[in-house]
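Everything below concerns the one structure shown next.
The values are calculated or read from the model by the stated rules, or taken from the named source; none is laboratory data. Everything quoted here is computed from the prediction, not taken from an experiment. Here the Cβ positions follow ideal geometry from the backbone for every residue, glycine too, while neighbour counts run over all protein chains shown. What goes into the accessible areas is simple: the full protein's heavy atoms, side chains included, and nothing from ligands, DNA or RNA. Shrake-Rupley method; radii C 1.70, N 1.55, O 1.52, S 1.80 Å.
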Amino acid sequence: MRDYFRELMKHYHELEKRERVAVLSLSIFLVGVVLYAGIWAPVNSYTLEAQIDHDRYLKLLTYLKSTESQARSSSENQSTGKAAGQSLLSLVSKSARSVGINPSRLQPEGSDAVSVWFDAVAFTKLMLWLERLESGQDIVVQQITIDRRDLPGQVSARLVLRP
């Protein structure tokens, strides 16, 4: 390597003064281009991208903080809608009694559903109960079978309810 450098310096010193100035100027220019393209431009690009990411994440954080209270109240409403530790079976039973109907049979269907049977119930009370279950407890009907009884307005029903 030393020999190569000595040979290069020998050729440089053999050049005329104008040629040496030109070679020196070209060398300085090339070093500047390499520094700009190899160091400054990538660092500058990285800095700009980091600033854009920072602004985007700051906007997201601001949005999340502005909606935090709404999300917390929504979460609290869901947990109060289903009383702490209260099973689906007891929720269904309690809500049916509050409307004035009594299921003839309640049976769990796995871990997240309940089958409910009514031998004779007023159709209007059954529909009122189902509406209250859906709007107040977020419990929906997965399957329903309704049969007409001899008395007008009376039905027998089998329902599968799921949260």
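Highest GNM mean-square fluctuation, the chain, Cα pairs closer than 10 Å: which of Val31, Val92, Val141?
Fluctuation is largest for Val31.
Among the lysines, which have Cα under 19 Å from the Cα of Lys94 when same-chain residues fewer than 8 positions away are ignored?
Lys82, Lys125
Of Val140, Val43, Val21, which is the most mobile in a GNM of the chain whose springs link Cα atoms less than 10 angstrom apart?
Most flexible of the set in this elastic network: Val21.
log10 I(q)/I(0), Debye, Cα-only the stretch 113-163, no solvent, q = 0.22 Å⁻¹?
For the stretch 113-163, the Cα-only Debye profile gives -0.76.
Which distance in nm do the two modelled labels at Ser93 and Val33 give, with both placed 7 Å along the Cα-to-Cβ direction?
With each label placed 7 Å out from Cα toward Cβ, I get 8.6 nm.
For Arg20, Arg2, Arg97, give the ranking by accessible area with the largest first, probe 1.4 Å.
Of Arg20, Arg2, Arg97, the descending order of accessible area is Arg2, Arg97, Arg20.
Where q = 0.08, 0.09 Å⁻¹, what log10 of I(q)/I(0) comes from the Debye formula for the chain, counting one point per Cα?
-0.53, -0.58
Can you run phi through the Karplus equation (6.51, -1.76, 1.60; θ = phi - 60°) for the stretch 106-112 and list ³J(HN,Hα) in whole Hz, with x for Gly and Pro?
Whole-Hz 3J(HN,Hα) from phi for the stretch 106-112: 10, 8, x, 10, x, 8, 9.
Please tell me the relative contact order of the chain in percent, rounded to the nearest whole number, where contacts are Cα pairs under 8 Å and at least six residues apart.
15
Name the residue, out of Tyr57, Tyr46, Tyr12, whose mean-square fluctuation peaks in a Gaussian network model built on the chain with Cα pairs under 10 Å.
Its mean-square fluctuation being the largest, the pick is Tyr12.
Choose one of Val43, Ser98, Leu30: the residue whose Cα lies farthest towards the positive end of the charge dipole of the chain (beta-carbon charges +1 Lys, Arg; -1 Asp, Glu; about the Cα centre).
Positive-end residue among those listed: Ser98.
So how tilted is helix 2-14 from the main axis of the chain? Cα-based, degrees 0 to 90, rounded to 10.
60
Quick check: the angle from helix 17-35's long axis to the longest principal axis of the chain, C-alpha only, nearest 10 degrees?
Long axis of 17-35 versus the principal axis of the chain: about 10 degrees.
Can you send over the carbon and sulfur percentage of the accessible area for the chain, probe radius 1.4 Å, protein chains only?
58
Taking the chain as the reference, fit the longest principal axis to its C-alpha atoms, fit the long axis of helix 88-99 to the helix C-alpha atoms, and give the angle between the two in degrees, 0 to 90, nearest 10.
Taking the Cα atoms of the chain, the angle to 88-99 is about 50 degrees.
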